[in-house]
Amino acid sequence: MHPGKRSHRGPARFIVTLLGLMSTLLALAFLPAVAGAEEEAEPVTFPGSPLTTSVGPLGQCESSYPNSGNNFFPEDSHLGDCGFFLAFPKAGSGQPTSLQGQTFGFSGFAGPRLENFYEPVSQSPVTGSGSTTDPYTQTTVFKVETEGTEDAVITETTTYVNGQPQFTSTYDVKNVTAGK
């Protein structure tokens, strides 16, 4: 281009480049929100009544009686603060150093403020008919992992008999670092 001539493509190219840069920055600004949304998977909710029961991917559970006015969990979420927390003794217990004195669980609305969170493994759909001989049953598996090593695997099995005022959760904890 000659010094005395102006190109009309210059400002248009600049605007397109600026818009592209702004779009990229906007997309990057939303990445943490999108990543957080992926981590907060939807809980599995059991059919039946009068109790509504939900279990999240890290074993978080919540139950409530709809329309009773005495529910303790936020109505906009089915991830409660009840569940299973796993704590390891301090030094001298014969376990890996990375676990000593650590507590693992999940972050809830009112739950403990932990630094160590479970890693989700799998979550099954609800099976069963809800009867006493075939209760609704659901399994959630999550794990403790430190320094890239799987240390413990927790399998939570939750059951609910339709019409009952309570549900039951059992936990199977497997030490997968034994002998390492």
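The values are calculated or read from the model by the stated rules, or taken from the named source; none is laboratory data. Since we're looking at a predicted model, the values are computed, not measured. Counting neighbours? That spans all protein chains shown, and the Cβs are built from the backbone with ideal geometry, glycine included. Side chains included, ligands, DNA and RNA excluded: accessible areas come from the protein's heavy atoms. Shrake-Rupley method; radii C 1.70, N 1.55, O 1.52, S 1.80 Å.
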### Task
Please enumerate the residues belonging to segment 138-179 that are in a strand (DSSP E or B), surrounded by fewer than 17 Cβ atoms within 10 Å (Cβ to Cβ) and polar (S, T, N, Q).
149, 157, 168, 170, 175
#### Entry: Selection status of residue 105, open to solvent by less than 40 Å² (accessible area, probe 1.4 Å) and at pLDDT 70 or above
yes
### Message
Out of the residues in segment 70-85 meeting the condition of being over 16 Å from the mean Cα position of the chain (by Cα) and either among the hydrophobic types (A, V, I, L, M, F, W, C) or at pLDDT 70 or above (or both), tell me which one is most open to solvent (accessible area, probe 1.4 Å).
### Response
72
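Pull up segment 86-95, narrow it to residues that are loosely packed, with under 15 Cβ neighbours inside 10 Å and modelled with pLDDT of 80 or more, then point me to the one that is nearest to residue 139 (Cα to Cα). Don't jump to the end; show me each part of the working.
Looking only at segment 86-95, we keep the residues that are loosely packed, with under 15 Cβ neighbours inside 10 Å, and these are 87, 89-94.
The next check asks that each one be modelled with pLDDT of 80 or more; those that pass are 87, 89-90.
On the way: 87: 22, 89: 28, 90: 31 Å.
Within segment 86-95, the match that is nearest to residue 139 (Cα to Cα) is 87.
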### Message
Exactly one of these conditions fails for residue 107: (1) part of a strand (DSSP E or B); (2) free of Cβ contacts under 8 Å to residues at least 40 places away in the same chain. Give me its number.
### Response
(1)
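Within segment 116-135, track down each residue that is open to solvent by 30 Å² or more (accessible area, probe 1.4 Å) and either part of a strand (DSSP E or B) or at pLDDT below 95 (or both).
Result: 116, 117, 119, 120, 121, 122, 123, 127.
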